[in-house]
Amino acid sequence: MKKLFAVLGYPIGHSMSPIMLNDVLSYYEIDAHYHPFKVSPEELEIAIRGLKAIGISGFNVTIPHKSAIIPFLDSVDDLALSIGAVNTVVNDNGKLVGYNTDGYGFIKGLEPYISSFSDKKVLVIGAGGAARAIYFTMAKMKPLALDITNRTVIKATELIKACPFESNSRALSLDEAEVQLNEYDVVIQTTMIGMYPNVLETPISLKKLNNQALVCDIVYNPLETQFLKEARQKGATVQNGVEMFVYQGALAFEKWTGIFPDVKRMRENVLRQLE
Ligand code: ATR
């Protein structure tokens, strides 16, 4: 019988996941369909019950449901629980199990550049939901340093305190981060700053950026944010948000099918959708 996969969000119309994942489902000849469903926060619980009742094989959840879904699942893996957000659900013999592939998706996207973080100093910019997934997962990689800078410093301090994995971390103001920027090997921009239509905004000045650094932005619209443009002009290696998007989807696909898909194919598909 044809399997069903889905993504639940509100809104959901602009999700690139259906085209990206239906393509790899058919590429690997898996008899399944991945469908977007617009589900309001009020209807989330009933939607989850319905999906469970019809025996859905697995689904993604996106904004605004990533935290709200947790009480409606049968179990949640430890990392997702500590992050407090689920983006991928697997139907394991009738039990809905929640995972978070955002953080590992981000880190897998860095594999072409970084195999070990043990000698790397990392700076995370931002302290919202995306920062939390990336920071907690990155803490498991045990980098030499893992600092957070945020406009509201107390939120960075709280994020560090909330992380169950030990890490050498400091919370910095944006000004402090700018001054100390040359210390970092990896800089990760996790806020929506610079996203269309505010394309000229950047979170911090890159004046002191180390030109050997790897600078990442989770934004993919535009593909090159002003922040990445400035980093590239300083000679840094840059990576946009397409990689995290593609790899979080690839890891979800692997959890559902046991196949780690062709990420090059997925990336090309996403880039076509963004054209
Ligand atoms: P998400 O869950 O998508 O990561 P969020 O929880 O609203 O979003 O977090 C947004 C992040 O962007 C926060 O780190 C926020 O900083 P504050 O904690 O100080 O609010 C940051 N942010 C948003 N707009 C910003 C701006 N104009 N300048 C600096 N930081 C900004």
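This model, with +1 at the C-beta of Lys and Arg and -1 at the C-beta of Asp and Glu, gives segment 1-142 a dipole about its Cα centre of some 280 debye.
Separation of segment 112-145 from segment 192-225 is 17 Å, based on Cα centroids.
Each Lys or Arg adds one and each Asp or Glu subtracts one; over the other residues with Cβ under 12 Å from the Cβ of Ala162, this totals +2. Can you bin segment 97-140 into rounded, prolate or oblate? Criterion: square roots of the alpha carbon gyration tensor eigenvalues sorted a ≥ b ≥ c, rounded for a/c under 1.5, prolate for a/b above b/c, oblate for the rest. The shape class here is oblate. First measure r as the distance between the Cβ atoms of Ile19 and Glu166, then evaluate 1/(1 + (r/R0)^6) with R0 = 25 Å and state the FRET efficiency to the nearest 0.05. Computed FRET efficiency for Ile19 and Glu166: 0.05.
For segment 106-146, the residues whose amide N sits under 18 Å from a probe point set 7 Å from the Cα of Asn182 along the beta carbon direction are 121-123.
In this structure the amide hydrogen of Thr101, modeled in the peptide plane, comes within under 5 Å of the amide hydrogens of Asn87, Thr88, none closer than 5 places in sequence on its chain.
Short to long, the 5 Å bins of the Cα pair-distance histogram for the chain hold 1, 6, 13, 17, 19, 16, 13, 9, 5, 2, 1, 0 percent of all pairs. When segment 104-240 is described by a simple charge dipole with +1 on each Lys and Arg Cβ and -1 on each Asp and Glu Cβ, the residue from Asn182, Val215, Gln226 located farthest towards its positive end is Val215. Residues of segment 237-259 with an amide N closer than 11 Å to a point placed 7 Å from the Cα of Leu223 along the Cα-to-Cβ direction: 240, 242. Rounded to the nearest 0.05, the FRET efficiency derived from the C-beta distance between Glu201 and Glu111 at R0 = 30 Å is 0.55.
Modelled spin-label separation between Ser75 and Gln273, with each label point placed 7 Å from Cα along the Cα-to-Cβ direction: 3.1 nm.
How big is the antiparallel share of DSSP beta bridges in the chain, given as a percent to the nearest 5? Around 20 percent antiparallel, to the nearest 5. Between Asp175 and Tyr27, the distance separating the two model label sites (each 7 Å from Cα on the Cα→Cβ line) works out to 4.9 nm.
Across Ala80, Ala53, Ala162, mean-square fluctuation computed from a Gaussian network of the chain (C-alpha pairs under 10 Å connected) peaks at Ala53. The ranking of Phe260, Phe72, Phe37, Phe106 by Cβ neighbour count inside 10 Å, starting from the fewest, reads Phe260, Phe37, Phe72, Phe106. Think of each Lys and Arg Cβ as +1 and each Asp and Glu Cβ as -1; about the Cα centre, that makes the dipole of segment 104-240 roughly 160 debye.
Adding -39500 (n - 2.57) for every DSSP H run of four residues or longer, then dividing by how many residues the chain holds, sets the calculated 222 nm ellipticity at -10500 deg cm²/dmol. Counting charges near Asp74 (Lys, Arg +1; Asp, Glu -1) among other residues having Cβ under 14 Å from its Cβ returns a value of 0.
Read-outs: derived from the displayed coordinates by stated rules, not from any lab. It should be emphasised that the depicted structure is a prediction, and the values quoted were computed from it without experimental measurement. Cβ atoms come from the backbone with ideal geometry, glycine included; neighbour counts cover every protein chain shown.
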